[in-house]
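Encoded as structure tokens, the structure appears first; notes follow it.
Derivation of every value follows stated rules applied to the coordinates shown; laboratory data play no part. No experiment lies behind these values; they were computed from the predicted model shown. We place every Cβ from the backbone using ideal geometry, glycine too, and count neighbours over all the protein chains shown.
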Amino acid sequence: MSDVNGKRVAVTGSSSGIGAATVALLAQQGWQVIGLDRNPGDARSDGMLSMQLDVADESAVCAAFSQIARTIGGLDALVTCAGLYETTPFFDTTASIFSRILAVNVTGTFLCIREAARAMQCGARICTISSVAGLRGGGIAGTVSYAATKGAVLALTKNAARELGPKGIAVNTVAPGMIDTPFAAVPLSDVSIRRRIEGMSSFARLGNAEEIAQTIAWLISPAASYVHGATIVADGGMVMY
């Protein structure tokens, strides 16, 4: 991956799960990584720039990406891992719950794409994170608000690809299956739910964050130079559509 050495990438949701695994892999590959998270944690010893950010706060997103542009001169890639999981049953889901998940998973993704793209040149790449829940309408563990917002991320990504493609900016999404991370710790703590979900994969296991990070790293690398507006499903064979 020497052809990405020194290139600049911002990763939202960088402190845990898929985001943290992606940050670690990209730093190892030679990217200059900017981690963005509501709880960014301590500064990393490898020099990664870490910033606190609530992606649902429009003014904060605008300020953060303006600061990134001033500090490092622009961006070559963006990965939007920030998101919320939601398992409230259909009839118990309130408008407040739905709006909160929508604000982070969809509006937050849009705001970060919009502001990052302002700091990008031709050849830059964006990778959003959807879910097989957005393809299936849920049915794994995440319920109505989660499934709906992840479906919206699929449409948002395609629209961003249409808008940004003429500028030479590639936009794609990864749709993971159930990944064994703290993000899904509550439903996976139920042994019967875990075994049911494991049984939905042809591999009879859950994925891990490092496997999804590898998919993301490929999508934002020059190796995927002609991949655009695509949804890469990484689910161990859960949907096979």
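Short version: what are the Cα gyration tensor semi-axes of segment 1-122, square root of 5 times each eigenvalue, largest first, in whole Å?
Details: eigenvalues 149, 52, 29 Å².
Value: 27, 16, 12 Å, ordered largest first.
Have a look at the DSSP beta bridges in segment 1-120 and tell me what percent are antiparallel, nearest 5. Walk me through the intermediate numbers first.
Working: 0 of 14 bridges.
Antiparallel bridges make up about 0 percent of those DSSP assigns within segment 1-120.
FRET efficiency for Ser16 and Arg100, Cβ-Cβ distance as r, R0 = 22 Å, nearest 0.05? Could the numbers behind the result be given before it?
Working: r = 19 Å, r/R0 = 0.85.
That pair, Ser16 with Arg100, gives E of 0.75.
What order, most packed first, do the peptides 73-81, 85-93, 28-36 have when packing is the mean number of other Cβ atoms within 10 Å of each residue? Walk me through the numbers on the way to the answer.
Details: 73-81: 24.0, 85-93: 14.0, 28-36: 21.8.
Per-residue mean Cβ counts within 10 Å order the peptides as 73-81, 28-36, 85-93.
For Trp218 and Val191, what does the FRET efficiency come to when R0 = 51 Å and r is the distance between their Cβ atoms, rounded to the nearest 0.05?
On the way: r = 34 Å, r/R0 = 0.66.
With a Förster radius of 51 Å, E is 0.90.
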